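Read through the structure below, which is laid out as structure tokens, and then see the notes.
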């Protein structure tokens, strides 16, 4: 796949401020082994939260610590495999315990879970605009025709799609079709339906900018197929602490919250390049920079 560059052009890049300059000076002054200079390889899925989080980490490592970071877009399953096989140093998109539960079960011996950088407030499920009369997933048995008997989904390898396929089975909804696509396609379909005030049901998750743009709600899930609150975790290859201890420490210290992430996502949704939005975010939060990068 193409490897995107989340950074703004170098000619428009500015320092993150005194906090980052001080950290960078310390990092440059201290002699580091050759292994520490290796390119950092991060995998990611093209979901809005994962793009925003990966942009923050790329900008943090490059501007504050002088590292070179290569980002590789992949499907969810491929992202986990790349870390497990050592093709990537890590990813910041581990939705646990439900959404990516099958992936961490598959690769548990080859990866290290550094714990949640978003420790609460994340969730997945079926989402509808507030004007839709459906209230629970069970209602789709009788009211599926309101939404053309289809659920607008995202990329087929995502844990959310696997759980939604299970929803169709567990709730006995054989007449509904789960439409594969992408996060962007799902959001575009949702926006078109809302503009026409047309009923629609989509696979959704929080954090996501759509909840700040439109009045939406989750359908109740009495069988709890989607589980409860999720956390978003940092996942690294098993040997990272040994051969890249400084990088491991930064990734291990990376913690923030849903509100901060959704604010960054909204900035990107409003048209900012991910790298530009990340740089603005880090300038506004020097306390986080200091906490994440103290070596």
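Of the residues in segment 223-239, at least one is modelled with pLDDT of 95 or more, out of contact with any strand residue (DSSP E or B) (no Cβ under 7 Å at 6 or more places or on another chain) and farther than 22 Å from residue 122 by Cβ.
All told, residue 282 falls short of being under 15 Å from residue 42 (Cα atoms), in contact (Cβ under 8 Å) with a residue 60 or more places away in the chain and in contact with a helix residue (DSSP H, G or I) (Cβ under 8 Å, 6 or more places away or on another chain). Scoring residue 77 on the criteria (1) touching a strand residue (DSSP E or B) at 6+ places or on another chain (Cβ under 9 Å); (2) surrounded by fewer than 23 Cβ atoms within 10 Å (Cβ to Cβ) leaves a single failure, condition (1). Applying a threshold of 6 Å to beta carbon distances and a minimum spacing of six or more residues, or different chains, the list of pairs starting in segment 247-270 at a residue that is within 18 Å of residue 205 (Cα to Cα) and ending at one that is modelled with pLDDT under 95 and surrounded by fewer than 20 Cβ atoms within 10 Å (Cβ to Cβ) reads 258/121; 266/212. The set of residues from segment 212-226 being surrounded by fewer than 17 Cβ atoms within 10 Å (Cβ to Cβ) and in contact (Cβ under 8 Å) with a residue 24 or more places away in the chain comprises 212, 213, 214, 215, 217, 220, 222, 223. The residue pairs whose first member lies in segment 97-119 and is in the same structural domain as residue 49 (by TED's automatic domain parsing), whose second member is part of a loop (DSSP other than H, G, I, E, B) and at pLDDT below 95, and whose beta carbons are closer than 6 Å, counting only pairs six or more residues apart or on different chains, are 98/227. Quick one: would you say residue 267 is assigned to a helix (DSSP H, G or I) and within 16 Å of residue 55 (Cβ to Cβ)? It is true that residue 267 is assigned to a helix (DSSP H, G or I) and within 16 Å of residue 55 (Cβ to Cβ).
Does residue 86 count as touching a strand residue (DSSP E or B) at 6+ places or on another chain (Cβ under 6 Å) and at positive phi? Working first, answer last.
Details: touching a strand residue (DSSP E or B) at 6+ places or on another chain (Cβ under 6 Å): yes; at positive phi: yes.
Yes.
Reported count of residues in segment 236-245, each being in a helix (DSSP H, G or I) and either surrounded by fewer than 15 Cβ atoms within 10 Å (Cβ to Cβ) or without any contact (Cβ under 8 Å) to a residue 60 or more places away in the chain (or both), is 3. Just one of the listed residues (175, 155) is at pLDDT below 95 and either surrounded by 16 or more Cβ atoms within 10 Å (Cβ to Cβ) or part of a strand (DSSP E or B) (or both), namely 155. For segment 206-225, the set of residues classified as under 22 Å from the mean Cα position of the chain (by Cα) and not in a loop (DSSP other than H, G, I, E, B) consists of 206, 210, 211, 212, 213, 216, 217, 218, listed by residue number.
Answer yes or no as to whether residue 193 is more than 22 Å from the chain's Cα centre (by Cα), not in a helix (DSSP H, G or I) and not assigned by TED's automatic domain parsing to the domain that holds residue 112. No.
Considering segment 65-150, the qualifying helices (runs of 4 or more DSSP H), each wholly inside and each with 3 or more residues that are at pLDDT below 95, run over 140-143.
So that you can scan it fast, the table gives a plain yes or no per residue for (1) in contact with a strand residue (DSSP E or B) (Cβ under 7 Å, 6 or more places away or on another chain); (2) buried (at least 17 other Cβ atoms within 10 Å of the Cβ); (3) outside any helix (DSSP H, G or I); (4) at pLDDT below 95:
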site: 247; (1), (2), (3), (4): yes, yes, no, no
site: 252; (1), (2), (3), (4): yes, yes, no, no
site: 255; (1), (2), (3), (4): yes, no, yes, no
site: 259; (1), (2), (3), (4): no, no, no, yes
site: 271; (1), (2), (3), (4): no, no, yes, yes
site: 277; (1), (2), (3), (4): no, yes, no, no
site: 282; (1), (2), (3), (4): no, yes, no, no
site: 292; (1), (2), (3), (4): no, yes, no, no
site: 295; (1), (2), (3), (4): no, no, yes, yes
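On the given criteria, is residue 186 farther than 15 Å from residue 129 by Cβ, surrounded by 18 or more Cβ atoms within 10 Å (Cβ to Cβ), in contact (Cβ under 8 Å) with a residue 12 or more places away in the chain and not assigned by TED's automatic domain parsing to the domain that holds residue 74? No, not satisfied.
The values are calculated or read from the model by the stated rules, or taken from the named source; none is laboratory data. Owing to the predicted nature of the structure, the values given are computational and were not obtained by experimental measurement. Note that we place each Cβ from the backbone using ideal geometry, even for glycine, and neighbour counts take in every protein chain shown.
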